[in-house]
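Read the structure below first, then the notes.
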Amino acid sequence: MVSSEWLKRAELFGSLEEPQLNALLSNAQVKSFPEGETIFRQGDQAIYLYILIEGGINLTVRAGEKPDFMTSKIEKEGAVFGMPSLLEPFRYNVTAISLKPTKVLMIRAECMRKNMESDPMMGREVMEKLASIYFNRLNEMRQGISNLLKVLRPKT
């Protein structure tokens, strides 16, 4: 199991206090995945919030009948993924596949949401950080698309 000190260094939980972190850890488990294993699929019910301990994750999106395409990689220790587990309709909006042997902390989202409801300050802190993470990742993706379009744009 991971410690509250480790969890505090994770990107989502830096502002939480030890009792709040321990409450989250009481509803968490560590799980390992071999390279290439699907952790969850786009559209699945979002039961867990995931924190990367070691390894790497590919996040892919399916658009209609077209094949999946990668949207981002998660490779930084303490990075969060599976964030739709905290947002209605509680369905994953990407598919997560391990890039290499990977270890994650899985926090039961329903319990986390209850903790956030009973401790509004914790809920506010987590949701503010969650919004920040989403916007940062969105901006990174936009920059990547912009760079790709510049490369693909025909020279005149």
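The values are calculated or read from the model by the stated rules, or taken from the named source; none is laboratory data. Since the structure is predicted, the reported quantities are computational estimates derived from the model, not experimental observations. For neighbour counting, all protein chains shown are included, and Cβ atoms are generated from backbone atoms with ideal geometry for every residue, glycine included.
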Of everything in region 25-44, what is surrounded by 13 or more Cβ atoms within 10 Å (Cβ to Cβ) and in a loop (DSSP other than H, G, I, E, B)? Give them in sequence order. 27, 41, 42, 44
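Residue-by-condition table, conditions (1) touching a residue at least 12 places away in the same chain (Cβ under 8 Å); (2) among the hydrophobic types (A, V, I, L, M, F, W, C):
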{"site": "34", "(1), (2)": "yes, no"}
{"site": "40", "(1), (2)": "yes, yes"}
{"site": "59", "(1), (2)": "yes, yes"}
{"site": "66", "(1), (2)": "no, no"}
{"site": "76", "(1), (2)": "yes, no"}
{"site": "81", "(1), (2)": "yes, yes"}
Flag for residue 73 being surrounded by fewer than 17 Cβ atoms within 10 Å (Cβ to Cβ), under 19 Å from residue 26 (Cα atoms) and not aromatic (Phe, Trp, Tyr): no
Taking region 45-61 on its own, how many of its residues are surrounded by 14 or more Cβ atoms within 10 Å (Cβ to Cβ) and at pLDDT 95 or above? 11
If we keep just the residues of region 75-96 that are in a strand (DSSP E or B) and at pLDDT 95 or above, which is farthest from the chain's Cα centre (by Cα)? 91
In region 3-24, the residues that are surrounded by fewer than 17 Cβ atoms within 10 Å (Cβ to Cβ) and either in a helix (DSSP H, G or I) or of a type in the set (Val, Ile, Thr) (or both): 5, 8, 9, 18, 19, 22
Per the list (1) surrounded by 18 or more Cβ atoms within 10 Å (Cβ to Cβ); (2) touching a Pro at 6+ places or on another chain (Cβ under 7 Å); (3) on the phi > 0 side of the Ramachandran plot, residue check on residue 90 breaks on (1)
Can you find a residue that is in a helix (DSSP H, G or I) and within 16 Å of the chain's Cα centre (by Cα) anywhere in region 116-125? no
Just to be sure I understand, how many residues within region 97-115 are closer than 15 Å to residue 29 by Cα and in a strand (DSSP E or B)? 7
Within region 45-72, considering residues that are among the aliphatic types (A, V, I, L, M) and outside any strand (DSSP E or B), the one farthest from the chain's Cα centre (by Cα): 63
